[in-house]
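> Just passing along the structure, written as structure tokens.
The values are calculated or read from the model by the stated rules, or taken from the named source; none is laboratory data. This is a predicted model, so every value here is computed, not measured. Cβ coordinates were reconstructed from backbone atoms using ideal geometry, including for glycine residues, and neighbour counts include every protein chain displayed.
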Amino acid sequence: EAGVVQSPRYKIIEKKQPVAFWCNPISGHNTLYWYRQNLGQGPELLIRYENEEAVDDSQLPKDRFSAERLKGVDSTLKIQPAELGDSAVYLCASSLDLTGFPYNEQFFGPGTRLTVL
Amino acid sequence: DQQVKQNSPSLSVQEGRISILNCDYTNSMFDYFLWYKKYPAEGPTFLISISSIKDKNEDGRFTVFLNKSAKHLSLHIVPSQPGDSAVYFCAASAIGTGGFKTIFGAGTRLFVKA
């Protein structure tokens, strides 16, 4: 079974440029997460989708970040314009959340390492 | 405000000995805890979890202990193997407005020496 797929794996851009990351979750997983991981820190949630609905985007900097999961499958995270502080690893994860038990194992992709110059 | 703290950035252990990784949390609303392992250039992978109604959960060489009164959990690896060398993240989950939230610690890098 294929795991969570992310692309690109690495991206280097200059500040003020736009950038987009793509994620394809594990087939059948209804919940998708985008995390940002700064150097020496743990993953921090940016947005969580249940199917195509964003149910938690409280930590997403909405002035420059946007995300979509139009058909409840793959997802795109965009930053426009990028700032120096956006340099980080962006992780996508998915899980199969069952009714009555939200604490399900999250499966992570390898991440996209973004460097903003 | 770090709700989940892993105060040891790194730990070095001899092969065959016990590795103990610690994690403290501040929010008493957390009721489910997980450990993830991460190798370089890969995403974190789930290792073991524990519900707040338990104080111990064991899976092979891995055991997680939970002390709710101290808001502390630990991961024991016995015996440690060189392949266990990785970064270990502690995570805590709680139900709140907007659904559940999972907060990750900063991680502890484990080195197992052969």
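> I want to confirm something. Restricting to the stretch A:43-73 and keeping residues that are farther than 22 Å from residue A:86 by Cβ and not aliphatic (A, V, I, L, M), which single residue is surrounded by the most Cβ atoms within 10 Å (Cβ to Cβ)?
Only one residue tops the list, namely A:50.
> Of the residues that make up the stretch A:102-116, is at least one touching a helix residue (DSSP H, G or I) at 6+ places or on another chain (Cβ under 6 Å), at negative phi and either at pLDDT 95 or above or assigned to a helix (DSSP H, G or I) (or both)? I'd like the intermediate steps shown before the answer.
Step one: of the stretch A:102-116, the residues touching a helix residue (DSSP H, G or I) at 6+ places or on another chain (Cβ under 6 Å) are A:116.
This time we only want the ones that are at negative phi, so: A:116.
Keeping just the survivors that are either at pLDDT 95 or above or assigned to a helix (DSSP H, G or I) (or both) gives A:116.
Yes.
> So which of B:19, B:52, B:12 ends up being modelled with pLDDT of 95 or more, surrounded by 13 or more Cβ atoms within 10 Å (Cβ to Cβ) and not hydrophobic (A, V, I, L, M, F, W, C)? Outline the logic, then answer.
Working: B:52 fails: modelled with pLDDT of 95 or more; B:12 fails: surrounded by 13 or more Cβ atoms within 10 Å (Cβ to Cβ).
Step by step, each of B:19, B:52, B:12 is checked, and only B:19 is modelled with pLDDT of 95 or more, surrounded by 13 or more Cβ atoms within 10 Å (Cβ to Cβ) and not hydrophobic (A, V, I, L, M, F, W, C).
> Follow-up question, since we're still on this one. Examine the stretch B:72-79 for a residue that is within 25 Å of residue A:50 (Cβ to Cβ), more than 10 Å from every other protein chain (Cβ to nearest Cβ) and under 12 Å from the mean Cα position of the chain (by Cα), and state whether such a residue exists. If you could, list the steps in order and put the result at the bottom.
Let us first name the residues in the stretch B:72-79 that are within 25 Å of residue A:50 (Cβ to Cβ), namely none.
No: zero hits.
> Condition check: closer than 22 Å to residue A:108 by Cβ and either of a type in the set (D, E, K, R) or exposed (fewer than 14 other Cβ atoms within 10 Å of the Cβ) (or both). Does residue B:43 satisfy that?
On the way: closer than 22 Å to residue A:108 by Cβ: yes; either of a type in the set (D, E, K, R) or exposed (fewer than 14 other Cβ atoms within 10 Å of the Cβ) (or both): no.
The answer is no for residue B:43.
> Just one of (1) free of Cβ contacts under 8 Å to residues at least 24 places away in the same chain; (2) aliphatic (A, V, I, L, M); (3) not in a strand (DSSP E or B) trips up residue B:106, so point out which.
In the conditions (1) free of Cβ contacts under 8 Å to residues at least 24 places away in the same chain; (2) aliphatic (A, V, I, L, M); (3) not in a strand (DSSP E or B), residue B:106 misses (1) alone.
> If we only count strands (runs of 3 or more DSSP E) wholly inside the stretch B:1-78, which ones have 1 or more residues that are among the charged types (D, E, K, R)? Give the derivation first.
Details: elements: B:10-14, B:19-25, B:32-38, B:45-51, B:56-59, B:62-67, B:72-77.
Those strands (runs of 3 or more DSSP E) span B:19-25, B:32-38, B:56-59.
> Is at least one residue of the stretch B:62-75 more than 30 Å from residue A:25 (Cβ to Cβ) and out of contact with any strand residue (DSSP E or B) (no Cβ under 9 Å at 6 or more places or on another chain)? Can you show your working first?
Taking the stretch B:62-75 as the starting set, the residues that turn out to be more than 30 Å from residue A:25 (Cβ to Cβ) are B:63, B:65, B:67-72, B:74.
Still in the running and out of contact with any strand residue (DSSP E or B) (no Cβ under 9 Å at 6 or more places or on another chain): B:68-69.
Looking for residues that are more than 30 Å from residue A:25 (Cβ to Cβ) and out of contact with any strand residue (DSSP E or B) (no Cβ under 9 Å at 6 or more places or on another chain), one finds at least one in the stretch B:62-75, hence yes.
> Looking only at residues that are without any contact (Cβ under 8 Å) to a residue 12 or more places away in the chain and in a strand (DSSP E or B) in the stretch A:55-98, which one is farthest from residue B:95 (Cα to Cα)?
The selected residue is A:68.
> Further, regarding this structure: Looking at the stretch A:97-111, can you tell me whether even one residue there is of a type in the set (Gly, Ala, Ser), within 14 Å of chain B (Cβ to nearest Cβ), surrounded by fewer than 18 Cβ atoms within 10 Å (Cβ to Cβ) and out of contact with any strand residue (DSSP E or B) (no Cβ under 9 Å at 6 or more places or on another chain)?
yes
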